Each structure stands twice: as structure tokens, then as C-alpha cells.
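Working notes for the structure below.
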Amino acid sequence: MKFIRIILIGFVWFMFVNFISYAGEVDILLQKLVEKGILTPGEAQEIKTETQEQIKKEIAQGKYSNLPQWLQNISLKGDLRTRYQFRHEKADNNYSKDTHIGRVRMRLGLDTKVNEQIKAGIGIATNSGGDPRSTNISFGDKNSGHSSKMEIRLDYAYAKYSALSWLDIVGGKMLLSDVVWEPVDLIWDTDITPEGAVFALNKKLGSHLDGFMNNAVLFGTADTSTNADPIMLYMVQPGLKYKFNDAISLKSGFSFYSWQNVKNKAYPTDSWYKSSNTKSGTSWVYDYTLITPALELSINEPFKAIGLNVEKLKLFGEYVNNVHISDNNTGFGLGFQLGSDKINKFGDWQCKYIYAMLGKDAILDVTPDSDRYHGKTGMRSHEGIFSFGLGKNTSLGVDVYRSWSIIDTRKAPETVIQVDWNLKF
Amino acid sequence: MKYVKLLILTITLMSFGLNAYGEKIILEGSTTVLPIAQKAAEVFMKSKPKANISVRGGGSGVGIASLIDGNCDIANSSRPIRPSELDKAIARGKDIKAHVIAMDGIAVIVHPSNKIKGLTKKQIKDIYTGKISNWSQLGGDNQKIVVVSRDSASGTFEAFGELALDKEKVRPDAIMQASNQAVVSVVAKTSGAIGYVGLGYIEPSVKALEINGVMPSKETVLTEKYPIARPLFMYTNGAPQGLVKEFIDFIKSVQGQRLVDEDGFVPLK
């Protein structure tokens, strides 16, 4: 009987492989064999389903073998965002400035697999003069204007080596998400693509528990014209993610940052750094050693019990303390996100609120979100975001910031309203 | 320099810590398959005391991802592998092999006094998503439908959502129960109730309905005539070998299939 079964499996397999269009006839054949008592219904079901799964795999493998390897491994992704931005700045009772600008951002990325263990990624993006914290370009550039051509720069270029199932080593100019986990953009502007190397450990520690540890060595500057040591950033971020059940999970991280060779270093002269609060004269005043615990609680369908259909609620927070000094050295961000997890189709919606405060010397002010009070420290800010899906891969977003200085007695409040049309491809 | 040392020390410690396991088989994935896998592992280890089998839940997607990443030996799944998962596996040089270990059939049950003998899949979907709320809309008595469902953490809830509700959400006023037995108990005591349970849980105290004109039974599930049914899988990387092969062979054997039957699923033998 076993021998007959093996022959039948082989025959069915042959039929599927060579005559896939006759799959319906194979079903009939199996049915007949069941009726004649040669196969039980269970055996027929087993043969049919396992063969279907095998065919599915063969087709997928065939897809790979019919195309050149380099082409199979490449994936492209990108996005385009057009923005209207209003900014109201009030330095004191006698002075205020209102500006209205249009902006565009384009990003295009390519990922490819070099071999079984190594992946490479290259991305380009619009940019203005090399600004690390923005990929926007404003319409009507103040110098050239009149629809002058815009600038595109290398956004990232990295290699990722999966040395072990739980260890990735990334090197180059990397995506921020490969370097650090951050639930709120308090310390890092998400446009920054850090440069250096990362050892990322990820391991399942139990059926409900995952552990991770990001270890980074990043370059701040590397001036080879003098003997001076370069500004370096060393970071270790261990963390855990615990899934209580299908609905609730908690992710936590505890980062340790050590900026080296910052104190007394000349401040960069590029235009996007000129409004710093962490410099004195032309140099930085302190070194920065930061500890930053962070938490994010995710709840799926949080209001199901009262009949409200909301996909996800996230509550998050991050605290930072520059232990190198004792004044104006702390900051925190708190907030929530409610609605769809991702905006992918018409009707998806998401709202988000963040309250952020950064003491003047809590962090080095080359990294925080450039839209929040010009990316400066010594501020507090409310941010509200609403996004709505207009169709597949296209959405509308409104982002409002209301920020104040906490070191200027005039407070110098600022309101920024951004209306974005986003396209993903 | 001290940070580089710290980094190296950290990685080294993690390496030792994370790899300090002995040889064993790890099964991971579907919560639906979990009870079968656990019971089979228990019985298998009794007959083979040196075998060390660890069974984890997490869901089908988690199990398949874990198999692709090389973190488990067998991925338990209550659905076929997705093309995107297959692509990922092939890209990583894995040769995923499917093993059907049982069938899962879900019976829709009502109170024995209910006049209704059968429903279509669409009518079930309309009841569970809130479009139909009274039995009179289906030719029954003028009585409010009391919808009973499994809680969202259960594999049966997930399967029912996929097979009967096209992944639409269950109406918010549904009474959620933590076990098949609890669903049977509520439906048996409530004249307007409707619920769903694994095939093995049908009792005389409730009435199973025909779906699209087909009664749920082992035979109609195995022949796929009954529409709320699906195969349950164990996936391996390549043809199973050694202890993995012995375990898969055991679960497919008459003894293993008896355990499947005891858990309320439909055995293949």
C-alpha cells in the first residue's frame, strides 16, 4: 500500500509540474482514488495540499532562476512630498515675522543583495547645500529663484552583513533606523543618516520576549587638515520588546551616548547650524555624555470594548540627561499616536501628539528635529499631526508646531504649520 | 578605546549567553497548532527521553519568519506560506517544505430550539459583522440574534475571521468567550444565540448548522466540501532529517493523528 501511495504521489506531482492547467483534473483523479478506496480522504487532502505547496515553491524558485541574479536582487522604493509651510515667529512685542513657502522632497532608494549574507543600500534625495537634517528644497530659491534646477545628493550608502541569525553589522552612511530605536524624534531628526558602523544584535528570548542591542561607532567630524582628534559618537542601546498578548506590547530601550572631542571644538559654519544654543562664541562649550531611557506601549484595537473601531494606540516617551554637566542638561518627549498603524489606503487616518522639552545643553544641537524650533535646544514644544489616506500610497498630512524658548526671557514663540501631500512608490 | 573594549565585551557575552543551548528541536508559530504540537511533543519525549522538544506560540507569521531566520526547526502554521515569505526564504537560500498534519473545521452552532437548519457563508458574515440582527431576517422566529465569538487571542477566532468573515471585524456587541467549551455552554443556554466551535466540540446540547448546504463532519472537512475548513501545517527547512523527521513522522502516524483528534481537529488518518 505504501508503495502504491508513493507511485501515486509521484504521478500527481508529475501531473502538477507538467500540466498545471490540468490541476482540476488532478483533483478529480484524487477524488476517484478516494471513491475506490485506494486513498483515504485524509491522504488525498495531504497529497493535494503538500503538492500545491511544493508547486508554489517551484514557481517562486523558477521566477528567480529565469531572471539575471543582479536583477532579481534589486528593489527600488521612493517617495515624493510637496509641502506648504507657514511660519510665524515672534521675537518680542514689537517684532514678528510671517513666512509662507512651498517645498518639495524626493527620495529614491535601491537595495540589493550582494550574496546570501550581505545587503547593500544606496539612496539619493533632494537636499539644499548638504543640510543633514532636511531633504526639502524650497520653491523659488532666494539666491537663484525663477524655477532654478534643484539639488540631489547621496542620502545613504551602506552595507549590511548578517554575520549570524542574531547579528547584523552595518557600515557606511546608514539609515537612522539601522542605528538606533527612538519612539519620539527628541534626539534625532529622522532625516539624519549617520556615518560609521553599527553592530545590531536581535534575539528572541522567549515566546513573548525579544531582545535587541544596537552598538554604534559614528563619526561627527573627521578633519584631516590638523592633528586634532575627530568628534566621535559611541552609542550602546540595549532594549527589550515584550508582547503581553496579541493586543498589547511594550518596547523599551536604554541608550548610552558618549560624544568625544566636542568641547572647545570650532562650531560648524554651515548655514543650518548658525542658530545654535549649545555654542559659545565660535566653539562648543561642553562634552556630551547622555543616558536616555525610552518606552513605547502599543495597544491594538484599544476601544473595541466600547464599540469604537480604532486600529492602534501608541503611548511613548523618552528622557535624556547629559550627565557631563548639571544645569539645563535634561529633556524629554511624551506623546501618543492613535488610528491606523500605517497610512496605505483611502480612509486610513492617524493623529499624533508630542510634547517635547530640551534643556539648552541636554544634547548637542546638531541632531534634534529641524522643524521643531529650528532644531535648537533650550525650548519646549507642542506638536500635533493628522494624516489621512487619499488613496493607495497617497496621503495628506497636517503638522502643527507651537514652540517657545526656555532660555530667552521673551520666550520668542513660534508657530509652524505644514500641509503635506505624500506619494509613496 | 574603552568603548571599543566595552563593545567587544558586550558582543562576546551576548554570543556566549545566546548560544549556551544544547541540541534540541524548536517548534514555533501558530497558536492554533500549539496544543497539537505540545501534546505530540509530550508523548514523543516520553517514548524518546533524550529528545528535547521546545514548543512556542507567537502566530504563524512569527513561526515562518523564525524558520527563515534559522531560529527554529519547525514552523507551525494555520495558513499556507505566503508568496512574500517564500521569496524571502528563497533569497536566504532556504528550501521550505510543507507537511500537512491535520485539518481544522469550524462548526457554526445555534440553540437546538432554533428553526434555522442552515446558513450561507454570506449570511454568517452578515450576522457576525452586524448587518443581520434578528432571526426573522433569515426565516426564523422574531428573536434577536445573540452573537457569541471566541476571544481575539484564539486561533479559532483568527481562522473564523479569515474563512467566514473575509477578515472583517466581529460586531462589537458579540459575547467573547475564552474557550470552545464556553461557547457551547452559552449557546446551549441562550435560545437566540449563534456561536462557532472546533468540530470536536459539537454536543447534543447545541445544533450544528449546514453551511452552503453542507453539514460539518470529518469527511466534508477532509474533502473540502465544507467551506469553513483549512489545513494545518508544519514547515521545515528542506526534507526533515534526524529528530525533526522522527517528530514529523510521529505526528503523521496513527498515534499522532489520534492526538490531533483528541484536540478537536480533523485527523488525516
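The values are calculated or read from the model by the stated rules, or taken from the named source; none is laboratory data. Bear in mind the structure is a predicted one, so any value in this text is a computation, not a measurement. So basically every Cβ, Gly included, is an ideal-geometry build from the backbone, and we count neighbours across all protein chains shown.
Of note:
- Qualifying residue in the range B:30-44 (condition: facing chain A (nearest Cβ under 10 Å), modelled with pLDDT under 85 and surrounded by 14 or more Cβ atoms within 10 Å (Cβ to Cβ)): yes
- The condition of being over 30 Å from residue B:60 (Cα atoms), within 14 Å of chain B (Cβ to nearest Cβ) and modelled with pLDDT of 90 or more does not hold for residue A:200.
- Annotation note: of A:6, A:20, the sole residue that is of a type in the set (Val, Ile, Thr), exposed (fewer than 11 other Cβ atoms within 10 Å of the Cβ) and either in the same structural domain as residue A:140 (by TED's automatic domain parsing) or modelled with pLDDT under 75 (or both) is A:6.
- Residue identified as within 14 Å of chain B (Cβ to nearest Cβ) and in contact with a Pro (Cβ under 9 Å, 6 or more places away or on another chain) among A:310, A:366: A:310
- The number of residues in the range B:220-254 that are exposed (fewer than 15 other Cβ atoms within 10 Å of the Cβ) and either aliphatic (A, V, I, L, M) or not assigned by TED's automatic domain parsing to the domain that holds residue B:28 (or both) comes to 2.
- Just one of the listed residues (B:164, B:174) is modelled with pLDDT of 90 or more and more than 14 Å from chain A (Cβ to nearest Cβ), namely B:164.
- Checked against the criterion of being at pLDDT below 90 and assigned by TED's automatic domain parsing to the domain that holds residue B:244, the candidates B:66, B:60, B:54 yield just one match: B:60.
- If you check A:167, A:201 for being surrounded by 15 or more Cβ atoms within 10 Å (Cβ to Cβ) and within 30 Å of residue A:108 (Cβ to Cβ), only one passes: A:167.
- Selected residue (criterion: farthest from residue B:31 (Cα to Cα)) from residues of the range B:256-269 that are within 13 Å of chain A (Cβ to nearest Cβ) and assigned to a loop (DSSP other than H, G, I, E, B): B:269
- Each residue in the range A:163-196 was checked for being aliphatic (A, V, I, L, M) and closer than 18 Å to residue A:132 by Cα, and 8 of them qualify.
- For the range A:54-75, filtered to residues that are within 29 Å of the chain's Cα centre (by Cα) and not in a helix (DSSP H, G or I), the residue that is modelled with the lowest pLDDT is A:73.
- Being in a loop (DSSP other than H, G, I, E, B), more than 16 Å from the chain's Cα centre (by Cα) and over 23 Å from residue B:229 (Cβ atoms) is a description that applies to residue B:113.
- Some residue of the range A:261-270 being more than 14 Å from chain B (Cβ to nearest Cβ), surrounded by 15 or more Cβ atoms within 10 Å (Cβ to Cβ) and either of a type in the set (D, E, K, R) or not in a loop (DSSP other than H, G, I, E, B) (or both): yes
- Single unsatisfied condition, residue B:47 versus (1) modelled with pLDDT of 85 or more; (2) under 18 Å from the mean Cα position of the chain (by Cα); (3) more than 9 Å from chain A (Cβ to nearest Cβ): (2)
- Within the range A:322-330, the presence of a residue that is assigned by TED's automatic domain parsing to the domain that holds residue A:239 and closer than 21 Å to residue A:417 by Cβ is excluded.
- Selection within the range A:382-417 - touching a residue at least 12 places away in the same chain (Cβ under 8 Å) and of a type in the set (Val, Ile, Thr): A:385, A:394, A:398, A:400, A:406, A:407, A:415, A:416, A:417
- Of A:43, A:50, all but one fail to be in contact with a strand residue (DSSP E or B) (Cβ under 9 Å, 6 or more places away or on another chain), modelled with pLDDT of 80 or more and within 12 Å of chain B (Cβ to nearest Cβ); the exception is A:50.
- Residue among B:253, B:185, B:154 that alone is without any contact (Cβ under 8 Å) to a residue 40 or more places away in the chain and within 14 Å of chain A (Cβ to nearest Cβ): B:253
- Residue list for the range A:188-197, restricted to those being part of a strand (DSSP E or B) and more than 14 Å from chain B (Cβ to nearest Cβ): A:195
- Within the set B:239, B:229, B:193, the sole residue that is away from chain A (no Cβ under 14 Å) and either under 22 Å from the mean Cα position of the chain (by Cα) or touching a residue at least 60 places away in the same chain (Cβ under 8 Å) (or both) turns out to be B:193.
- Residue that is nearest to residue B:56 (Cα to Cα), among those in the range A:206-228 that are touching a residue at least 12 places away in the same chain (Cβ under 8 Å) and more than 12 Å from chain B (Cβ to nearest Cβ): A:219
- Criterion (closer than 21 Å to residue B:99 by Cα and of a type in the set (A, V, I, L, M)) met by exactly one of B:209, B:222, B:199: B:222
- Among the criteria (1) more than 23 Å from residue B:202 (Cα to Cα); (2) charged (D, E, K, R); (3) more than 10 Å from chain A (Cβ to nearest Cβ), the one residue B:95 does not fulfil is (3).
- Test: residue A:330 is within 21 Å of residue A:357 (Cβ to Cβ), of a type outside the set (Asp, Glu), surrounded by 19 or more Cβ atoms within 10 Å (Cβ to Cβ) and more than 13 Å from chain B (Cβ to nearest Cβ): no
- Condition met for residue B:200 (assigned to a helix (DSSP H, G or I) and over 16 Å from the mean Cα position of the chain (by Cα)): no
Residue-by-condition table, conditions (1) within 19 Å of the chain's Cα centre (by Cα); (2) surrounded by 15 or more Cβ atoms within 10 Å (Cβ to Cβ); (3) in a helix (DSSP H, G or I):
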position	(1), (2), (3)
A:85	no, yes, no
A:107	yes, yes, no
A:122	yes, yes, no
A:148	no, no, no
A:184	yes, yes, no
